[in-house]
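One structure is given here, and the rest of the page talks about it.
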Amino acid sequence: MNETRFRWRNRQLREHAAVIDGTQAPTKLIKNTTYLNVYMKQWMTGHIWLYEDRILYTGPELPANTDGTEIIDGKDSYIVPGYIEPHAHPFQLYNPRSLAEYSARTGTTTLINDNLMWLFLTEKEKAFSLLEEFMNLPATMYWWARFDPQSVLSDEDKQRFDEQVLSWIEHDAVIQGGELTAWPDVLFGGDEQILHWMQETKRARKPLEAHLPGASQKTLVKMRLLGMDSEHESMTADDVIKRLEVGYQTGLRYSSIRPDLPNILKGLQEKNHTHYDHMMYTTDGSTPEFYREGLINPCIKIAMDAGVPAIDAYMMATYQPARHFGIENRVGSINAGRVAHLNFLSDPNDPTPHSVIAKGEWVKRDEEMLDGKTAIPWGKNGIEPLSLDWEVTEQDMQFSMPIGMEMVNDVIMKPYAIDIDASAERLPHETDEAFLMLMDRDGEWTVNTLLKGFTSSLGAIVSSYSNTGDLILIGKSRADMKQAFKRMNELGGGIVLVDQGEVVFELPLPLGGVMSDLPLPELMDEESELKKQLKVHGFSFTDPVYTLLFLSSMHLPYIRITPLGIMDVKKKEVLFPSIMR
């Protein structure tokens, strides 16, 4: 039985105590195993008693009553706590269910999740209903409360966003405020509303997470004074040490867009840094293919290969994040009273489990992934296929802007002066410029410009996957863009590539137009094919999914396409406004 509302009922607690007294039998007994005790920082030998989804006992004693108990021989295994991902974005084409099911089977059994998409995709009450449904997933699911939307919104949309924030802060499943990408608004812009929400989060005894890439020591200190407790944007060992010195719980990132972990750990070793109690790993919402080997288990292996002692490497994946979030009484250790998340290892130096118990149930056994798909009533809670009652017209496709966006890398864009004829039906292959449109999913406005560096030949890519849930159209050909848009709508949302009038790739995203309903391994193959097709057409970077996601994100330099228009990020000025249709 999975825990309800993050606690057990009185009846269950009495049953747990009865197992210790011998009047009731445990549901599972792991005998004669070696397990990691994070409180002792030692490998210990003994037995582990489970009752449904809870660890009841670890140590040398055997239960007096084993009637109906599943007996598991643990003599050839080393058992460690289920791993924790402290900073998950469960909407990167995958959805919270597919991510949780896959992550649990690879050993990451607790996820602390971004709530951003719920603020755009459905009503607050329906989002909270989904949080209850996610309690039935094999992984334990906790959430953040966002204070800012990462982009700029219309006054009406911003009000709708703001009205939800306090309710999220107060929710049982929410254990963190942040991540705060709009920190300059608080620090330099005098945003009292966000500062108030930060104070309310502290009043609820929940930590705050900052987003401070490249921050100076002075900025780190001031944000710490304003209440920030953790930060995950370190790119070097020096960045990590600066954050530790100020008193931040520090995330070490290994993600598809920033795989910095190996270099960070190498740098820490060179500096003879040996204290790891305030560090934790994160994959920071990587795109699907990056997870082929799992989520946190590759991070632990990287740490051990870099010279981090094995017990410290495991504790950065388990106890340290649990302690930081104040959930160490629930997860992060193999001790009495914790949720039964257990990873069975063949060797303590190999953190990829051969078997996994999540919430007391086998999800992987002897290298075999066990079938199991939790039913989530998406439609009942407002997450339905996209259905647009409008089309892209020739009148929409006016590209008279003098300023375009040039890709520096996957996610950073700089302005450039457009000097080609943008009135053509199809832009020439000799240039790497393409038409770019951001369109309101309700069809009320459009923002048009050119994007340089995305493709040299592709007729069109249309995506309903974006940071704000609005629609992205990129391509060389106006006709192909209209065809790709039509096909995307027929799919109920998705990513569609069209060239010379032919659909060359499509990925349906039927969950709100931003999430696939495929199991994660199948989605990995689809993302691989998307990358392959884009590479054929001149995409020279590495992570096109992040390009689509962050085109409108105002926490990245230098210029963005947003619902309000083309924006200068630093000045927060609208250079060219959106056009009402």
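The values are calculated or read from the model by the stated rules, or taken from the named source; none is laboratory data. Predicted model, so just to flag it, every value in this text is computed and none were measured. In this analysis, Cβ positions are derived from the backbone assuming ideal geometry, glycine residues included, and neighbour counts consider all displayed protein chains. SASA here: full protein model, heavy atoms, side chains in, ligands and nucleic acids out. Shrake-Rupley method; radii C 1.70, N 1.55, O 1.52, S 1.80 Å.
Once the chain is represented by equal point scatterers at the alpha-carbon sites, with solvent omitted, what log10 I(q)/I(0) does the Debye formula produce at q = 0.07 Å⁻¹?
The Cα Debye sum returns log10 ratios of -0.43.
Work the Kirkwood hydrodynamic radius out for the range 382-434: mean of 1/r over every pair of different alpha-carbon atoms, inverted, in Å.
14.2
Among the trypsin sites (Lys or Arg not before Pro) within the range 300-387, which fall in a DSSP loop and have no more than 10 other Cβ atoms within 10 Å of their own Cβ?
Of the trypsin sites (Lys or Arg not before Pro), the ones in loops of the range 300-387 whose Cβ has at most 10 other Cβ atoms within 10 Å are Lys373.
Sorted from largest to smallest, which semi-axis lengths in Å does the alpha carbon gyration tensor of the range 111-259 give for its equivalent ellipsoid, taking the root of 5 times each eigenvalue?
Taking √(5λ) for each Cα gyration eigenvalue gives 26, 19, 14 Å.
Where a Cα-Cα gap under 17 Å defines reach, which lysines qualify for Lys31, not counting those fewer than 8 residues away within the same chain?
Within the straight-line limit of under 17 Å, Lys31 reaches these lysines: Lys75.
So if I average 1/r over every pair of distinct C-alpha atoms in the range 396-513 and take the inverse, what Kirkwood radius in Å does that give?
Its Kirkwood hydrodynamic radius stands at 14.2 Å.
Under 5 Å between amide hydrogens, which residues at least 5 positions from Ala340 or on another chain qualify, with H placed 1.01 Å from N in the peptide plane?
Residues meeting the criterion, in which the H sits 1.01 Å from N, are Arg54, Ile55, Lys359, Gly360.
How much of the pair distance distribution for the range 460-581 lies past 19 Å, counting alpha-carbon pairs only, in percent?
51
Provide the three semi-axes, in whole Å and in decreasing order, of the ellipsoid equivalent to the range 7-84 as defined by the square roots of 5 times the Cα gyration tensor eigenvalues.
Gyration-tensor ellipsoid for the range 7-84: 22, 15, 11 Å.
What is the log10 of I(q)/I(0) for the range 423-476, computed with the Debye formula using one identical point scatterer on each Cα and no solvent, at q = 0.12, 0.13, 0.21 Å⁻¹?
Each listed q maps to, in turn, -0.27, -0.31, -0.74.
For the range 298-357, what percent of Cα pairs sit more than 18 Å apart?
37
Under the definition of Cα pairs under 8 Å and six or more residues apart, what whole-number percent is the relative contact order of the range 476-543?
20
About its Cα centre, how strong a charge dipole does the chain have in debye, to the nearest 20, once Lys and Arg get +1 and Asp and Glu get -1 at the Cβ?
Rounded to the nearest 20 debye, it is 1560 debye.
How about Lys414: which aspartates and glutamates have a C-alpha closer than 16 Å to its C-alpha, ignoring those fewer than 8 places off in the same chain?
Answer for Lys414, where 16 Å is the Cα cut-off: Glu406, Asp432, Glu433, Asp568, Glu573, listed by chain and number.
Could you list the square roots of 5 times each eigenvalue of the Cα gyration tensor of the range 1-143, that is, the equivalent ellipsoid semi-axes, sorted largest first and rounded to whole Å?
The three semi-axes for the range 1-143 are 33, 19, 12 Å.
Give me, ordered by chain and number, the residues 5 or more places off Ile418 or on other chains with an amide H under 5 Å from its own placed amide H.
For Ile418, the qualifying residues are Ile403, Gly404.
Kindly write out, for the range 318-334 in residue order, the coupling ³J(HN,Hα) from the Karplus curve 6.51 cos²θ - 1.76 cosθ + 1.60 (θ = phi - 60°), rounded to whole Hz, with x marking Gly and Pro.
Once rounded to whole Hz, the list reads 9, 5, 4, x, 4, 4, 4, 7, x, 10, 5, 7, 10, 9, x, 7, 9.
With only alpha-carbon pairs counted, each pair once and no self-pairs, how large is the Kirkwood hydrodynamic radius of the range 261-381 in angstroms?
16.1
Output the direction-averaged projected area (hull surface divided by four) of the convex hull of the alpha-carbon atoms of the range 318-436, in nm².
It is 15.8 nm².
Let me understand the range 208-264 better: what is its radius of gyration from the alpha carbons, and its Dmax, in angstrom?
Radius of gyration, then largest Cα-Cα span, for the range 208-264: 10.6, 32 Å.
Scan the range 167-227 for chymotrypsin sites (Phe, Trp or Tyr not before Pro) in coil per DSSP, keeping those whose Cβ has at most 14 other Cβ atoms within 10 Å, and list them by number.
Phe188
Would you mind working out the magnitude of the charge dipole of the range 255-344 relative to its Cα centre, with +1 at each Lys and Arg C-beta and -1 at each Asp and Glu C-beta, to the nearest 20 Debye?
About 160 debye.
Let me spell out the model: positive unit charges on the Cβ of Lys and Arg, negative unit charges on the Cβ of Asp and Glu, origin at the Cα centre of the range 117-229. What dipole size does that give, in debye rounded to 20?
With only Lys, Arg, Asp and Glu charged at Cβ, the dipole is about 580 debye.
Near Ala317, within a Cβ-to-Cβ distance under 12 Å, what is the net charge of the other residues, with Lys and Arg +1 and Asp and Glu -1?
That sum, taken over residues with Cβ under 12 Å, equals -1.
For Arg365 and Arg7, calculate 0.36 nm times their separation in residues minus their Cα-Cα distance, and state this gained length in nm to one decimal.
Between Arg365 and Arg7, full extension yields 126.2 nm more.
So what's the net charge close to Ile472: Lys and Arg +1, Asp and Glu -1, counting the other residues with Cβ under 12 Å from its Cβ?
-1
Quick one: work out the % antiparallel among DSSP beta bridges in the range 5-80, nearest 5.
70
Grab the other residues whose beta carbon is less than 13 angstrom from that of Glu433, score K and R as +1, D and E as -1, and report the net.
Net of charged neighbours comes to -2.
I need the helices of the chain that pass two filters: whole DSSP H segments spanning 30 Å or more by Cα along the axis, and mean Kyte-Doolittle score no lower than 1.6.
Sorted by number, there is nothing, because no helix extends far enough and scores high enough.
So for the chain, taking the charge dipole from beta-carbon charges (+1 Lys/Arg, -1 Asp/Glu), which of Met228, Ser456, Leu36 sits furthest toward the positive end?
Leu36
Past 27 Å, Cα to Cα: identify those pairs from Lys28/Lys126; Lys532/Lys571; Lys486/Lys532; Lys28/Lys364; Lys452/Lys570, in the order given.
The pairs that break the limit, which is 27 Å between Cα atoms, are Lys28/Lys126; Lys532/Lys571.
Counting alpha carbon pairs within less than 8 Å and at least 6 residues apart, what relative contact order, in whole percent, applies to the range 1-60?
Result for the range 1-60 is 29 percent.
Mean residue ellipticity at 222 nm from the helices of the chain, using -39,500 (n - 2.57) per DSSP H segment of n ≥ 4 over the full residue count, to the nearest 500 deg cm²/dmol?
When only DSSP H runs of four or more count, the value is -8000 deg cm²/dmol.
Report D for the range 59-183 in µm² per second (integer): Stokes-Einstein, Kirkwood Rh on Cα pairs, 4 °C, 1.567 mPa s.
77
What relative contact order, as a whole-number percentage, does the chain give when Cα pairs under 8 Å and 6 or more residues apart are counted?
Relative contact order comes out at 14 percent.
Out of the DSSP beta bridges found with both residues in the chain, what percent are antiparallel (nearest 5)?
Percentage antiparallel, nearest 5: 70.
How much accessible area per residue does the chain have, in Å², with a 1.4 Å probe?
Accessible surface, normalised per residue, equals 38 Å².
Taking only the alpha-carbon positions of the range 234-332 and ignoring solvent, what does the Debye formula give for the base-10 log of I(q)/I(0) at q = 0.19 Å⁻¹?
So the normalised log intensities work out to -0.91.
Longest segment of the chain with no GluC sites (Glu not before Pro) in a DSSP loop having at most 12 other Cβ atoms within 10 Å?
62-292
Rounded to the nearest 0.05, what FRET efficiency do Ala64 and Arg14 have when you use their Cβ-Cβ distance and R0 = 22 Å?
0.80
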